[in-house]
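> Sharing a structure with you now.
The values are calculated or read from the model by the stated rules, or taken from the named source; none is laboratory data. Because the structure is predicted, anything quoted here is derived from the model rather than measured. Every residue, glycine as well, gets a Cβ built from its backbone with ideal geometry; the counts of neighbours run over all protein chains shown. Calculation scope for accessible area: heavy atoms of the full protein, side chains included, ligands and nucleic acids excluded. Shrake-Rupley method; radii C 1.70, N 1.55, O 1.52, S 1.80 Å.
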Amino acid sequence: MTAPEQVRLQVSGDAGKMENYCAAVQALGGVPVSGYCPPPDLSCSGLVLCGGGDAACELYGQENRGSQLPDRERDRAELALFQAFYQAGKPILGICRGMQLINIALGGTLIQDLPPGQKVFHAWDERDMVHPVRSREGSLLHRLYGPVFPVNSAHHQALDRLGEGLQAIAWAESGFPEAVSREDRLILAVQFHPERMAFQNRRPDTVDGEGIFRAFLELCRWGETD
């Protein structure tokens, strides 16, 4: 069995913007293997899909209804990463854009631009926004943080129709999913940013994001749900 300090996680995101994700993995004894548009490295025990810009709307069969300019190279690379780790049965963690990409990869769709009355609580405005989410009883997030808890957000899109097998395990105040999972395929994804709520980025107005990374690292170490 792989020793905890040797667990390697492939981390995919924008160049120069993966420091917080990698620091969270390292703080728990993992080894991040990070890159922009990397090929799949299945010697790693799991995959982390980081936040970033909008995915191309044609990937889920829609015309542009408020999406921002996509990075199609990153879209292609991360869909290939997802499929490789998914088919290998290895754990996958999606954060913000990463959660949206997972949903697209499994046949789901997105709300391309939240209505103004919802966006004001979620979209980046020179800082993360903070708002409450409600968790599903019995879910990982419910066990970690209870039924209602505050998180950060920096997004203008959200999940609409869920992809195959995904179930919502937390919801925003206006009803769209803030977290999803697929336990039979070891998938966990959140719309908020736990890497900006943990360790050196711990903040007093949200829950501690360390619990999410710790649970995911354990999943990668032992290859089974807790």
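> Are there chymotrypsin sites (Phe, Trp or Tyr not before Pro) in the stretch 123-186 that DSSP marks as loop and that have at most 16 other Cβ atoms within 10 Å, and which are they?
Values: sites: 124, 145, 171; in loops: 124.
Hits after loop and neighbour filter: 124.
> Kirkwood hydrodynamic radius, computed over distinct alpha-carbon pairs, for the stretch 53-122: how many Å, to one decimal? Can you show the working numbers first?
Values: mean 1/r = 0.0772 Å⁻¹.
Roughly 12.9 Å, rounded to one decimal.
> Over the stretch 42-121, give the accessible area per residue in Å² for a 1.4 Å probe, as an integer.
Working: 3070 Å² over 80 residues.
Here the per-residue accessible area is 38 Å².
> Based on Cβ point charges of +1 for Lys and Arg and -1 for Asp and Glu, what charge dipole magnitude is obtained for the stretch 20-110 about its Cα centre, in debye rounded to the nearest 20?
Once rounded to the nearest 20, the dipole reads 160 debye.
> Then there's this: How many percent of DSSP beta bridges within the chain run antiparallel, rounded to 5?
55 percent
> Taking θ as phi - 60°, what are the ³J(HN,Hα) couplings along the stretch 191-203 by the Karplus curve (6.51, -1.76, 1.60), each to the nearest whole Hz, with x for Gly and Pro?
After applying 6.51 cos²θ - 1.76 cosθ + 1.60, I find 7, 8, 10, x, 5, 9, 10, 9, 6, 5, 9, 4, 10 Hz.
> Residue 78: accessible area at probe 1.4 Å, nearest 10 Å²?
That residue has around 0 Å² of solvent-accessible surface.
> Continuing with this model, one more query. Any chance you could look up the accessible area of residue 36 with a 1.4 Å probe, heavy atoms only, rounded to 10 Å²?
Using a 1.4 Å probe on the heavy atoms, I get roughly 80 Å².
> Report the FRET efficiency, 1/(1 + (r/R0)^6), for residue 26 and residue 205, where r is their Cβ-Cβ distance and R0 is 30 Å, rounded to 0.05.
Numbers: r = 25 Å, r/R0 = 0.83.
Taking R0 as 30 Å, the efficiency between residue 26 and residue 205 is 0.75.
> Could you please state how large a percent of the accessible area of the chain is carbon and sulfur, counting protein chains only and using a 1.4 Å probe? Intermediate results must be reported in sequence, preceding the final value.
On the way: 4890 of 9700 Å².
Carbon and sulfur atoms account for 50 percent of the accessible area of the chain.
> Then there is this: If the chain between residue 79 and residue 143 were fully stretched, how many nm would it gain, using 0.36 nm times the residue separation less the Cα-Cα distance? Please report the intermediate quantities before stating the final value.
Details: separation 64, 0.36 × 64 = 23.04 nm, distance 3.03 nm.
20.0 nm is the gain from fully extending residue 79 to residue 143.
> What percent of all Cα-Cα pairs in the stretch 1-148 falls into each 10 Å bin, going from 0 up to the bin containing the maximum distance?
The calculated distribution, bin by bin, is 10, 34, 37, 17, 1.
> Order 129, 99 by their accessible area, 1.4 angstrom probe, all chains in place, largest first. Before the final figure, lay out each step's value.
Details: 129 30, 99 0 Å².
Heavy-atom accessible area, descending, gives 129, 99.
> So, one more: If you take the beta carbon distance between residue 183 and residue 64 as r and set R0 to 25 Å, what does 1/(1 + (r/R0)^6) give as a FRET efficiency, to the nearest 0.05? Write down the numbers at each step before the final one.
On the way: r = 34 Å, r/R0 = 1.36.
In this case the efficiency is close to 0.15.
> Rolling a 1.4 angstrom probe over the protein chains, ignoring ligands and nucleic acids, what is the accessible area of residue 125 in square angstrom, nearest 10?
Accessible surface of residue 125 is approximately 90 Å².
> Dipole size in debye (nearest 20) for the chain around its Cα centre, Lys and Arg Cβ +1, Asp and Glu Cβ -1?
Working: 21 positive and 29 negative charges, 38 e Å.
The calculated dipole for the chain is roughly 180 debye.
> Just the number: Rg to Rh for the stretch 1-83, Cα atoms, Kirkwood Rh, two decimals.
Details: Rg = 14.5 Å, Rh = 13.8 Å.
Computed over Cα atoms, the ratio is 1.05.
> Answer with one residue from 25, 13, 190: the one whose Cα lies farthest towards the positive end of the charge dipole of the chain, charges on Cβ with Lys, Arg +1 and Asp, Glu -1.
The one lying farthest along the dipole's positive direction is 25.
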